[in-house]
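Chemist: My structure is below; once you've seen it, I'll send some questions.
The values are calculated or read from the model by the stated rules, or taken from the named source; none is laboratory data. This is a predicted model, so every value here is computed, not measured. Reconstructed Cβ throughout: ideal geometry from the backbone, glycine too, with neighbour counts over all protein chains shown. Just so you know, the surface numbers come from the protein's heavy atoms only, side chains and all, with ligands and any DNA or RNA stripped out. Shrake-Rupley method; radii C 1.70, N 1.55, O 1.52, S 1.80 Å.
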Amino acid sequence: MASAVKDSRPGYGQLLRTPGAWTFLLPGFLARQPFAMLTIGIVLLVESTTGSYGIAGTVSAATGVSMALFAPQSGKLADRFGQRAVLLPGVLVHVAGVCALITLALAHAPLWALLAVAVPTGASTPQVGPMVRARWAARLGGSPLMPTAAAFESVTDEFTFVVGPVLATALCTGVHPAAGLIAEAVLTLAGGLLFASQRRSQPPVHRAQADGRPRVSALSVPGVRVLIVAFLGIGAVFGGMQVSLTAFTQDIGQPGINGVLYGIFAGGNMLAGIACGAIAWKVGPRRRLLVAYGLLALATTPLWAVTAVPLLGAVGLVVGLCIAPALITGYTLVESLVPAAARTEAFTWLTGAVALGQAAAATASGQLADRFGPSTGFLVPLAGTVLALTVLLALRAHLMPRSSTVIVGSADRAADRAAERPSGSASDSASDSVSGSVSGSVSGGLGRELNDGPDERGVGHRMPVTVD
């Protein structure tokens, strides 16, 4: 019996034995590698041709903003028509955009021309990460392995952000300023086409809901909107770190260690992600998100004051360690907050929020670095996380899952009494009152019970119900 319990414990081994998982994991891993190379490749290329971090950050920001705005539309189309139908044209447009951006940058084209190409380049960025997450959700449903899958995907993303920036920086500084973006285009084409060819693992297409009503956008879910704010703050950390580390290492005359420092930061994120997936959590996801986000805001506080490379690497490692728990928990909440027909869209909203926060932070950090010195760019991650944490704390009640709980005893007794009474009896009004009270408790949030979360209190005998 003990061994059976041990074997059934959710973990990476059990997750990777999910039937059909490897058919999309390996192609998805290859296809998402370019994602981490795009913005840093743009910053390094444009800065080398213009000499301005502000211009480089602006072009990178335009890519990120367009990615953030169009990614949810890509996810919505993927939910409706299938991932392959969206991915194939997107890959081709993105590769063409990257090639055009490289050509214009090397030709010293004006800023408006770079921005005009950056927009379609970002808009067509393949959303492989959200698509993989949607495939996990379709395979696992409400399985206890969903948090492990979210952690696994976060680890994969962060491994990408360990390898991608280092590879892009090495190519741009050691081979040619455009080499990083060239590699990004090649990997996007190869990986995207390979991932698109895996049809069997695609989630089902949802052109309408099961009852025939039109599909509801994931953005209509209040919890998704709260998570978008949280992920904007996380994006501010990524964007602020990328530009500020680049400016810092250039300022001290050691540009080659930029990729190493960013790799340490991303490595901390990856290590924390591995740990999150291996832990059997006793604390509910909403509380985990709030605690992790508070620690992230605290960790970004000393960045702007650090001047020594080893100490900056150590602080960056701590910041990275704090990102993964918040990121993983946010993605885990999507499975309980959003219906299956809109999950790819929800994941792309969150990915787009990271990109938008990254873009805004890259612009702000670049401007601060140009005007006041490289260290001031590190104020952007601090400001972004503090603002997002404030919103999270104020709107935390919206992070309750669609399946909440009611006290079984009172609900069952009310139903039993209603069944025993003849229709139209004088006690029907009392029954209606009890029923209305239970219904009002569910729809209104169950008061204190719902606000604290069923998985965070763990008391009483409860039964899941669906709250529309």
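Chemist: Mind giving me the nanometre distance, one decimal, between the label points for Tyr12 and Ser48, set 7 Å out from Cα along Cα→Cβ?
Modeler: Computed distance between label sites Tyr12 and Ser48 equals 3.5 nm.
Chemist: At Val186 and Ser217, where each label point lies 7 Å from the Cα along Cα→Cβ, what is the point-to-point distance in nanometres?
Modeler: Here the modelled spin labels are 4.0 nm apart.
Chemist: Out of the trypsin sites (Lys or Arg not before Pro) in the range 267-367, which ones are loop residues according to DSSP with at most 12 other C-beta atoms within 10 Å?
Modeler: Passing sites in the range 267-367 are Lys282.
Chemist: So what is the relative contact order of the range 242-339, in percent, for Cα pairs below 8 Å that sit 6 or more residues apart?
Modeler: Dividing the mean separation by the residue count of the range 242-339 yields 40 percent.
Chemist: Can you tell me the accessible area per residue over the range 339-392, all protein chains present, probe 1.4 angstrom, in square angstrom?
Modeler: That works out to 32 Å² for each residue.
Chemist: Tally up the carbon and sulfur contribution to the accessible surface of the range 30-123 as a whole percent, 1.4 Å probe, everything protein left in place.
Modeler: On the range 30-123, the fraction of accessible area on carbon and sulfur atoms equals 75 percent.
Chemist: Rounded to the nearest 10 Å², what accessible area does Met67 show when all protein chains are kept and the probe is 1.4 Å?
Modeler: 10
Chemist: Something else about it: Run the quick spin-label model on Arg84 and Cys99: label points 7 Å from Cα toward the beta carbon, then report their separation in nm to one decimal.
Modeler: For Arg84 paired with Cys99, the spin-label model returns 2.5 nm.
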